[in-house]
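First comes the structure, then the notes that go with it.
The values are calculated or read from the model by the stated rules, or taken from the named source; none is laboratory data. Computed from a predicted structure; not experimentally measured. Glycine gets a Cβ as well: all are built from the backbone with ideal geometry, and neighbour counts include every protein chain shown.
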Amino acid sequence: MDESDGNPLPEEAENALFSSPLLTDLSDLVARWTSHRFQSLHATRLDNGLDFAANKTLYVLGSVGPSRPSALAEQLATGRANVTKVVSRLEAQGLVKKAPDPRDSRAFLVALTARGVEISRDVFRIGDEMMREMTADWTAEDVEAFSRQMRQLTRAAVSYERRLAGEQRQRDEND
């Protein structure tokens, strides 16, 4: 057991739900990595005076670029009302700005300002630091091989998702 949070470490997970060790390990990693606890603890490495929701919003905007509030809500797994509050705080601090959506004059996009880009870079910097720390005892060849396999798995996941979306569209058209 990991004494810091009571969750079993991967090598202790004897009663895995999946028959695939790869899926079990990947699910364990994604669940831990994306947990609010992990993300909150990781965010303590930032010294920018912003709360977790604000830093996560800067991360999303830095990753995907200008976004509609509805898309931000989906990316942040929260409601539009919460996004509105966070965006308002970030806008008041000069970190984001609202601009008309060129595809729909009734809508607007939220984008990072130059200062917002600068601060969002720290969010990515601590991610790089985390990865260096987590792989400090790996060889350069191990890092490259794992990266290559992750890219391969990501491409397969994208193909799988597209195939499922196509199947869903066909079912919807047939209904």
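Before moving on, here are some points about what is shown:
- Pairing each residue of region 101-127 that is over 18 Å from D51 (Cβ atoms) with any residue that is in a helix (DSSP H, G or I) and charged (D, E, K, R), provided the two are 6+ apart or on different chains, yields C-beta distances under 9 Å for T113/E91.
- All positions within region 27-49 that are surrounded by 15 or more Cβ atoms within 10 Å (Cβ to Cβ), hydrophobic (A, V, I, L, M, F, W, C) and under 29 Å from Q149 (Cα atoms): A43
- Number of the condition not met by F52 [criteria: (1) buried (at least 16 other Cβ atoms within 10 Å of the Cβ); (2) modelled with pLDDT under 95]: (1)
- Among the residues making up region 1-46, those that are among the aliphatic types (A, V, I, L, M) and either modelled with pLDDT under 85 or farther than 23 Å from G127 by Cα (or both) are M1, L9, A13, A16, L17, L22, L23.
- Selected residue (only one of L112, L164 is over 29 Å from D47 (Cα atoms) and either at pLDDT 95 or above or surrounded by 12 or more Cβ atoms within 10 Å (Cβ to Cβ) (or both)): L164
- Criterion: closer than 27 Å to L23 by Cβ and surrounded by 10 or more Cβ atoms within 10 Å (Cβ to Cβ) - qualifying residue of S120, S147: S147
- Lone unmet requirement of (1) of a type outside the set (A, V, I, L, M); (2) modelled with pLDDT of 95 or more; (3) closer than 26 Å to T34 by Cα for G127: (2)
- Number of positions in region 25-62 that are in contact (Cβ under 8 Å) with a residue 12 or more places away in the chain and among the polar types (S, T, N, Q): 5
- Filter result for Q170 (among the polar types (S, T, N, Q), without any contact (Cβ under 8 Å) to a residue 60 or more places away in the chain and farther than 23 Å from G49 by Cα): yes
- Matching residues in region 130-159 - criterion: being over 17 Å from S27 (Cα atoms) and either aromatic (F, W, Y) or not in a helix (DSSP H, G or I) (or both): T135, A136, D137, W138, T139
- All of K85, K97 fail the test of being touching a Ser or Thr at 6+ places or on another chain (Cβ under 7 Å) and charged (D, E, K, R), apart from K97.
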